[in-house]
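Let me begin by presenting the structure, written as structure tokens, before commenting on it.
Read-outs throughout are calculated quantities, based only on the coordinates presented, and are distinct from any laboratory measurement. All figures in this text were calculated on a predicted structure; none of them were measured in a lab. Every residue, glycine as well, gets a Cβ built from its backbone with ideal geometry; the counts of neighbours run over all protein chains shown.
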Amino acid sequence: MTDKGLVNTEHPAKVEHALKEAGIDVAVYDEVRVEPTDESFLAAARFASEGEFDGFISVGGGSVIDTCKAANLYSTYPAEFLTYVNAPIGGGQAIPGPLKPHIACPTTSGTGSECTGIAIFDLLAMKAKTGIVSRRLRPALALIDPTVTYTLPDRVVAASAFDVMSHALESYTALPYSKRKAPARPSLRPMSQGANPWSDLGCREALSLAGRYIVRAIGDASDHEAREQLMWASTLAGIAFGNAGCHAPHGMSYSVSGLVRDFCPDGYPQGEPIVPHGMSVIVNAPSVFRFTAPACPDRHLAGAELLGADVRGAGESDAGEVLSGQIVSLMKATEIPNGLSGVGYNADDIPALTEGAYPQRRLFENAPRDISREALSGLFQDAMAYW
């Protein structure tokens, strides 16, 4: 599986050639939608059902990998679409058994989808993103080749790189696993466990790499070292948030992308509005980390320092401003839009943004502070502009 923007490049062609050389029959599906929807997931699932395939290979960014996960799921265990979708939006039912083999070949340095059991999509009826979460969705194998990022447009690198950064920051500052209510038995533990020592390792290294290389990788396509290191950071952050989980910046992003009116950055399919996923996340991040810092100021300060901030003399009460300030500095250096206003929103949109995001309880309950509906509206207000 791939998309229209990639199908005529060398990457899917290499995969197809290798498979055919090995005597494997191949069918190519290139109708994946960038920022997939429930409709595009279902279209891919129909293709998979009709093909009766033995396995799947995804060649693309997070949209392609997530679509392949969904196609594998619904062709293997057919059901009404909302059956497996996260509650309370969907039924949240467990996937009945193992899926067919899926080899994920990411072509962007951002989503980390090759490492996770998460598939995200726009639910068109709600004008908001939601997803399907299960360990069984995790690809059987990931093949990661950083050279595929050498030809990426700078805006695609920017959106995906800030997704990496927020994956690591959110996982590092998530509600700790030790503060979560224990389930009745170990098999009922959710995939996202909250901040934990294992995920912390990947988060810290991913943040350090992002702080060193994000500006270079976006600003100079010939800087192969920077792009390779961001791909490594993406993998580390993917492993980390696949275990710890993200929180409010991602939860807010689902309505930011779902309610978009007329924004469409360079490097993405033109003709219809889109706020790329990583961009829809990072425009919320400074607002969120100011809010969450009192819950674990030491981690917020550590995150800021890993990203390159000078934290000398900073105390716990400064943690939120120091971290948010460093994120804003990196956003400005890489020409990321100035908060929600930069992607087309204004104060009149706050009620709709709040209503679209609030049902993402899986994410908001992973934050280190309680986020009420009123608090969420305040976070959107504070995210309107940063400079």
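With N set to the residue count of the range 10-144, report its C-alpha Rg divided by 2.2 N^0.38 Å to two decimal places.
In units of the 2.2 N^0.38 Å rule of thumb, it is 1.00.
Report for the chain the percent antiparallel among DSSP-assigned beta bridges with both residues inside it, nearest 5.
40 percent
Which of the peptides 84-97, 267-280 is most tightly packed, and how do the rest follow, judged by the mean count of other Cβ atoms within 10 Å per residue?
Numbers: 84-97: 15.9, 267-280: 19.1.
With the highest mean Cβ count within 10 Å placed first, the list reads 267-280, 84-97.
Is the C-alpha gyration tensor of the range 188-291 telling us rounded, prolate or oblate? Criteria: a/c under 1.5 is rounded; beyond that, a/b larger than b/c is prolate, otherwise oblate.
oblate
Rounded, prolate or oblate: which fits the range 22-67, taking a ≥ b ≥ c as square roots of the Cα gyration tensor eigenvalues, rounded meaning a/c under 1.5, else prolate when a/b beats b/c?
oblate
In Å, the Kirkwood hydrodynamic radius of the range 133-253 over pairs of distinct alpha carbons? Each step should come with its number before you reach the end.
Numbers: mean 1/r = 0.0661 Å⁻¹.
Radius from the Kirkwood sum: 15.1 Å.
Return the calculated 222 nm mean residue ellipticity for the chain, to the nearest 500 deg cm²/dmol, obtained by summing -39500 (n - 2.57) across DSSP H runs with n ≥ 4 and dividing by the residue count.
-14500 deg cm²/dmol
Distance cut-off 31 Å, Cα to Cα: go down the list Lys20/Lys129; Lys179/Lys332; Lys14/Lys100; Lys20/Lys69; Lys129/Lys332; Lys14/Lys69 and report the pairs above it.
Listed pairs above 31 Å: Lys20/Lys129; Lys179/Lys332.
How high is the FRET efficiency between Asp25 and Ala184 when r is their beta carbon distance and R₀ equals 41 Å, given to the nearest 0.05? Present the calculation step by step, with values, prior to reporting the outcome.
Details: r = 46 Å, r/R0 = 1.11.
Step by step, r from the Cβ atoms, then E = 0.35.
Grab the Cα-Cα distance for Asp370 and Gln270, subtract it from 0.36 nm times how many residues apart they are, and report the gain in nm with one decimal.
Stretched out fully, the Asp370 to Gln270 stretch lengthens by 32.2 nm.
Taking the Kirkwood radius as the inverse of the mean 1/r across Cα pairs, report the Rg/Rh of the chain.
Working: Rg = 19.6 Å, Rh = 20.7 Å.
So for the chain, dividing Rg by the Kirkwood Rh gives 0.95.
From the square roots a ≥ b ≥ c of the eigenvalues of the alpha-carbon gyration tensor of the range 152-382, which class results: rounded (a/c under 1.5), prolate (a/b over b/c), or oblate? Could the numbers behind the result be given before it?
Values: a/c = 1.41, a/b = 1.12, b/c = 1.26.
In terms of gyration-tensor shape, rounded.
Starting from the Cα of Asp310, move 7 Å in the Cα-to-Cβ direction to define the label point; list residues of the range 319-346 whose amide nitrogen is under 18 Å from there.
319, 321-330, 333, by backbone N distance to the label point.
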